[in-house]
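S.K.: There's a structure below that I have some questions on.
The values are calculated or read from the model by the stated rules, or taken from the named source; none is laboratory data. Note that this is a predicted model, so its numbers are computed, not measured. In this analysis, Cβ positions are derived from the backbone assuming ideal geometry, glycine residues included, and neighbour counts consider all displayed protein chains.
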Amino acid sequence: MAEFEGDEMESFVGDEATPKKGSSAGAIDAPMMHGSLAMQLAESIDGDADTDAESEGRKRRNRARAHTISIRRLSKAELRRGRELYPETDYWRPKTRAECVDMERPCPYVSCKYHLYIDVHPVRGSIKINFTDMEVWEMTETCALDIADRGGITLEEVGEIMNLTRERVRQVETAGLAKLAALKDVLRLKDYVI
């Protein structure tokens, strides 16, 4: 890519380089640049001065998003094939926290409702795979109960664990607290309802 200097840049920018009001005669506004070529030019002029926060933000955006599989969109043939490949077998799995607290980690029981790898919607039956870019055994945290036992953590840490943004974690927290407050109000009114 060609680099522009001095007069060449002014002739390239053309009418978009205009003096600022109340400034010295030689000062000009930053030119308006459009298109990929202009953006590359602006990047080469600005240099690669990234801060840690910017590179951290890019790293977070590059993470794979969760993927939802809707049961309604699967054909009957696909459902039948799934039942044949993975028949429902009755095997032991922990049913209480006391049974699983001392088990190996990462937890191999993905079907547990506290496992962080997948979420199954209780009404629709849709399956949400939270970590599409990794396998279960690659996860550092697999059980929501283990995280709850550690005590309070920041929204950023919860977002990393659950593959959500900090803002989405805040929204879920607010909605959950509102439901708890409504439940508390309903329990107080229970005495007045026959």
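S.K.: Please find, among Ala53, Ala49, Ala98, the residue that is at pLDDT 85 or above and loosely packed, with under 10 Cβ neighbours inside 10 Å.
M.R.: Just a single option satisfies the conditions, and that option is Ala98.
S.K.: Assess whether Gly151 counts as being exposed (fewer than 14 other Cβ atoms within 10 Å of the Cβ) and more than 22 Å from Ala66 (Cα to Cα).
M.R.: Here the answer is yes, as Gly151 does meet what is asked.
S.K.: Scan segment 119-128 and give yes if some residue there is touching a strand residue (DSSP E or B) at 6+ places or on another chain (Cβ under 6 Å) and assigned to a loop (DSSP other than H, G, I, E, B), otherwise no.
M.R.: yes
S.K.: Of the numbered conditions (1) assigned by TED's automatic domain parsing to the domain that holds Tyr114; (2) not in a helix (DSSP H, G or I); (3) not small (Gly, Ala, Ser), Leu164 fails exactly one; give the number of that condition.
M.R.: (1)
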